[in-house]
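Scroll down for the structure; my scribbles are underneath it.
The values are calculated or read from the model by the stated rules, or taken from the named source; none is laboratory data. Quick caveat, the model's predicted, so the values are computed rather than measured. Cβ sites come from the backbone with ideal geometry, for glycine too, and all protein chains shown count toward neighbours.
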Amino acid sequence: MSFRTLFLTTAASAVLATAAAAETWQLAVTDVEGLERLQTEWGAFKEALETATGDTFEFFPVNSRTAAAEALRGETVDFVISGPAEYIVINTLTDAAPLIGLGRPDYHCAIVVRADSGINAMSDLVGKTVAFGDIGSTSNMLCPMQLVADFGVDPIDDIEKVHTSRNIAHEALKNGEVDAIGTNATSWMEGPRAADDSVPYGFFKMLGRSGDLPNDMIMVGSHVPEEAAASVRDAILENKDMIIEAILTHEENEKYRGMDLVPIDDSAYDVVRSMYTNAGFPQFDNFIGE
């Protein structure tokens with residue numbers, strides 16, 4: 001056999017081996033509905049992920065965390081990008097595990113009141129109306145309710161709760177229609193508060209703020225072989241600068257500006273399980289040792 005023949009045979013074998021080793025995975029994002037939005041907001045990330053891993057990733061649209069859980073349980077989706085609260089629900093239903101943390105700078109919640117409200121301590125909220133975000137939101141519902149509970153106020157029985165969008169809650173607080181809002185602190189300050197020049201600096205005050213919340217994540221289905229999941233994880237970490245740049249390509253992912261990609265494990269989310277219990281949803285709490 002000539003050297004040229006040997007070389008071509010070896011090269012062809014290497015190509016075939018690489019093709020055989022490559023996988024095709026289904027990828028979902030819990031807070032993005034529709035294939036068009038997935039491609040627009042996360043398309044660059046998908047391409048970077050394929051470059052880093054050598055695998056193929058196909059978007060699998062879901063319209064809720066329940067749909068994501070059903071897709072994982074049915075093994076029709078393999079990897080899911082989600083927040084901490086969504087992870088607790090999905091993990092409870094499917095045993096999916098965290099793979100990579102999407103670190104969000106200044107990811108914490110706060111209770112905000114009007115400075116002239118006479119509310120100076122969390123205990124002053126008893127009997128008052130507090131506006132929270134969407135039911136199940138980590139930073140706009142679960143975390144603020146936990147913050148209230150940390151100061152001895154029962155977020156279920158001691159306050160009147162309403163759920164609405166951040167912008168509507170801001171206007172309601174400004175106009176005295178609610179007594180406080182529980183919100184993602186950074187998103188409120190950089191969003192409706194920064195855009196509102198109708199009231200002076202100092203019109204609002206933070207009654208309390210939480211510590212940093214656990215990371216958003218890429219989770220992996222329990223049906224994905226451990227070796228394959230580890231290979232994807234390692235490829236992401238080895239190419240994280242490229243991956244991060246791709247995530248930040250679209251303005252909808254601005255919340256990740258300054259992010260890092262980090263290894264994580266399930267125990268980091270026990271605090272969110274406790275938040276579910278304090279918010280009145282103990283079915284999603286399997287944290288033992290309280």
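From the list Ser165, Ser210, the one residue that fits, being farther than 16 Å from Ser123 by Cα, crowded, with 17+ Cβ neighbours inside 10 Å, in contact (Cβ under 8 Å) with a residue 12 or more places away in the chain and not hydrophobic (A, V, I, L, M, F, W, C), is Ser210. If you scan the range 66-92, which residues turn out to be under 18 Å from Ala268 (Cα atoms) and not charged (D, E, K, R)? Within the range 66-92, Val80, Ile81, Ser82, Gly83, Pro84, Ala85, Tyr87, Ile88, Val89, Ile90, Asn91, Thr92 meet the criteria. For the range 213-247, give me the residue count where each residue is in a loop (DSSP other than H, G, I, E, B), under 20 Å from the mean Cα position of the chain (by Cα) and crowded, with 16+ Cβ neighbours inside 10 Å. Total meeting the criteria: 4. For the range 178-207, the set of residues classified as without any contact (Cβ under 8 Å) to a residue 12 or more places away in the chain and touching a strand residue (DSSP E or B) at 6+ places or on another chain (Cβ under 9 Å) consists of Met189 only.
Each row is one residue, and each column tells you yes or no for (1) assigned by TED's automatic domain parsing to the domain that holds Thr92; (2) out of contact with any Pro (no Cβ under 8 Å at 6 or more places or on another chain); (3) closer than 28 Å to Gly133 by Cα.
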{"site": "Asp234", "(1), (2), (3)": "yes, yes, no"}
{"site": "Asn239", "(1), (2), (3)": "yes, yes, no"}
{"site": "Ile247", "(1), (2), (3)": "yes, yes, yes"}
{"site": "His250", "(1), (2), (3)": "yes, yes, yes"}
{"site": "Tyr256", "(1), (2), (3)": "yes, yes, yes"}
{"site": "Pro263", "(1), (2), (3)": "yes, yes, no"}
{"site": "Val272", "(1), (2), (3)": "yes, no, yes"}
{"site": "Thr277", "(1), (2), (3)": "yes, yes, yes"}
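With (1) under 18 Å from the mean Cα position of the chain (by Cα); (2) at pLDDT 95 or above as the list, and Glu86 as the residue in question, which single condition is left unmet? Looking at each condition in turn, Glu86 falls short on (2). Here Pro192 fulfils each of the conditions (1) closer than 30 Å to Ile90 by Cα; (2) within 25 Å of the chain's Cα centre (by Cα); (3) outside any strand (DSSP E or B) apart from (1). One residue stands out in the range 35-72 among those that are assigned to a loop (DSSP other than H, G, I, E, B) and over 17 Å from the mean Cα position of the chain (by Cα): the one that is nearest to Asp134 (Cα to Cα), namely Phe60.
Residues in the range 125-134: is at least one in contact with a helix residue (DSSP H, G or I) (Cβ under 8 Å, 6 or more places away or on another chain), surrounded by fewer than 16 Cβ atoms within 10 Å (Cβ to Cβ) and not hydroxyl-bearing (Ser, Thr, Tyr)? Yes; the residues of the range 125-134 include at least one that is in contact with a helix residue (DSSP H, G or I) (Cβ under 8 Å, 6 or more places away or on another chain), surrounded by fewer than 16 Cβ atoms within 10 Å (Cβ to Cβ) and not hydroxyl-bearing (Ser, Thr, Tyr).
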